[in-house]
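In what follows, a single structure is set out as structure tokens and then discussed.
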Ligand SMILES: [Zn+2]
């Protein structure tokens, strides 16, 4: 594959913006260009400088649109694409009524393979280029997801869910099979191409102490792997966990006891943490993952972003599809903005767009590879149109600054604002032609 030049307005962050006017945290080039080849960004700069280096390179012209690093979604459920928008329940009822029956379908490798393709299509249609995903309990579902991602050379973190109790027949493994199958998947996929493995005990309620013990053994044996689970999402969930683990000081204490916590631990939700739990999260470096559309949809609670940050935690932000209601990280920022408003916290657009790119990359420890348009980064890129709808165009006619444009994308944008998505330098959306 020969090198190629993408022309457009370039935005990339190199630090977290400390306020709405922190221009030192990012680079913005009005007539910019990226040289991409071999799956990476070989060079970035002004269009004039880039064409001077290589005048004969083929050009894809994305002007007047905005090019930035592809979005990163660090908490999403691969088997839940057909349970989004399921009515009427809070967490435990929602799992039992909708989610668990749906996930049983992923025992069928053909269904899993078909859904994996559709899942990755949805991600890139929405501008997302990396996810940390839960598969179902079935080895075949994780296998299908990794295989589909490998075919597109997509950077993915995923794992087979481990759950050996409080789930229906056909959706349970055992401590032993959960260990063996996770280990087999790690051997087959972790570090292969762009794939990374996440050891994935669903949450304390669906794992016996014996299963959490083997999850802890995997964490020790496989230090490069992630650990992903849920924590403190819903009051009934917290009470049920306490009844299942009566000796634990609190919910996080369960995971702490089995050695699951580290900076590679992605803890979904973290809505109702005690001061002790926040202290342990800070000591171990475990990452809270804020899932605003899910937290509002399931009525779970409000994520205290400022409070957790003040305690030294590194927060990620994610969709949690299908408890979450949109694949769009723009819609996720939109709902996140409202959740923080309800608590007197104010998510300004520079920090918001940093968060879903370099910020989530930092939470994953991958900021040297994804999340920016820096030279040498993997060529995962999203192209955004802040005038994608008539209503957005009407609003944009009165916008004067980059921050205003970003905030319009954050509040009014969704997949319609995503003009193109590149994964390892390859365009994913069909129907777009603008090559000169
Ligand atoms: Zn979840």
Please determine, in degrees from 0 to 90 and to the nearest 10, the orientation of helix 329-341 with respect to the longest principal axis defined by the Cα atoms of the chain, where the helix direction is its Cα long axis. 70 degrees
Tell me, what is the percent relative contact order of region 226-343, built from C-alpha pairs under 8 Å that lie six or more residues apart? 24 percent
May I ask you to sort 86, 141 by Cβ crowding, counting other Cβ atoms within 10 Å and putting the fewest first? 86, 141
Rank by packing, highest mean first: peptides 303-310, 251-258, 222-229, with packing defined as the count of other Cβ atoms within 10 Å averaged across residues. 251-258, 222-229, 303-310
Let me have the relative contact order for region 328-409, percent, based on Cα pairs under 8 Å that are six or more residues apart. 23 percent
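Output the direction-averaged projected area (hull surface divided by four) of the convex hull of the alpha-carbon atoms of region 199-238, in nm².
The number I arrive at for region 199-238 is 2.8 nm².
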If you build a Gaussian network model of the chain, linking Cα atoms that sit under 10 Å apart, which residue out of 244, 185, 145 swings the most? 244
Taking Cα atoms, the helix 109-125 axis meets the longest principal axis of the chain at an angle in degrees (rounded to 10) of 40 degrees
For region 1-75 and region 311-330, what is the separation of their Cα centres, given in Å? 25 Å
Can you tell me the alpha carbon radius of gyration of region 271-329 divided by the globular rule-of-thumb value 2.2 N^0.38 Å? 1.15
Suppose we take every Cα in region 1-159 and form the convex hull; what volume per residue is that in Å³? 156 Å³
When you take every Cα atom in region 177-245, what is the radius of gyration, and what is Dmax, the widest Cα pair distance, in Å? 13.5, 42
Mind giving me the nanometre distance, one decimal, between the label points for residue 276 and residue 93, set 7 Å out from Cα along Cα→Cβ? 3.1 nm
Just check region 49-104 against the gyration tensor rule for me: Cα atoms, a ≥ b ≥ c as the square roots of the eigenvalues, rounded for a/c under 1.5, and otherwise prolate or oblate depending on whether a/b exceeds b/c. prolate
For region 259-306 and region 372-436, write down the distance between their C-alpha centroids in whole Å. 30 Å
Label model pair residue 52, residue 389: point-to-point distance (7 angstrom along the Cα→beta-carbon line) in nm is 4.3 nm
Starting with the fewest neighbours, write out 154, 396 ranked by other beta-carbon atoms found within 10 Å of each beta-carbon. 396, 154
Mean Cβ neighbour count within 10 Å, used as a protection proxy, ranking 39-51, 20-32 highest first: 39-51, 20-32
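Hey, could you grab the Kirkwood Rh for region 134-248? Inverse mean 1/r over distinct alpha carbon pairs, Å, one decimal.
14.4 Å
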Per residue Cα convex hull volume for region 294-418, in cubic angstrom? 126 Å³
Rounding to the nearest 10 and keeping the result within 0 to 90°, find how far the Cα-based axis of helix 139-151 lies from the longest principal axis of the chain. 10 degrees
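Ranked highest first by average number of other Cβ atoms within 10 Å, how do 349-359, 9-19, 275-285 line up?
349-359, 9-19, 275-285
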For a Förster distance of 51 Å, can you work out the FRET efficiency between the beta-carbons of residue 243 and residue 375, rounded to the nearest 0.05? 0.45
Any chance you could list the semi-axes, whole Å, largest first, of the equivalent ellipsoid that the Cα gyration tensor gives for region 1-78, using √(5λ)? 25, 18, 11
222 nm mean residue ellipticity, helices alone, for the chain (DSSP H n ≥ 4; -39,500 (n - 2.57); rounded to 500): -10000 deg cm²/dmol
What's the whole-number percent of alpha carbon pairs in region 376-435 lying beyond 15 angstrom? 54 percent
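Below 8 Å between Cα atoms, with a sequence gap of 6+, how large is the relative contact order for the chain in percent? Mind showing how you got there, number by number?
Working: 981 pairs, mean separation 87.5, N = 436.
So the answer I get is 20 percent.
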Cα extents of the chain along the three principal axes, largest first (Å): 65, 46, 38
Ratio to report: Rg/Rh of region 100-139, with Cα atoms as the point set and Rh obtained by the Kirkwood method; give two decimals. 1.00
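With a ≥ b ≥ c taken as the square roots of the eigenvalues of the C-alpha gyration tensor of region 92-194, please select rounded if a/c is under 1.5 and otherwise prolate if a/b is larger than b/c or oblate if it is not?
Oblate shape, in that a/c is at least 1.5 and b/c is the bigger or equal ratio.
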The extension gain from residue 174 to residue 310, computed as 0.36 nm times the residue separation minus the Cα-Cα distance, is 45.0 nm
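Just so you know, all these numbers are worked out from the coordinates, no wet-lab data involved. Everything numeric in this text was worked out from a predicted model, so none of it was measured. A quick note on method: Cβ atoms are made from the backbone with ideal geometry, for glycine too, and the neighbour counts reach across all protein chains shown.
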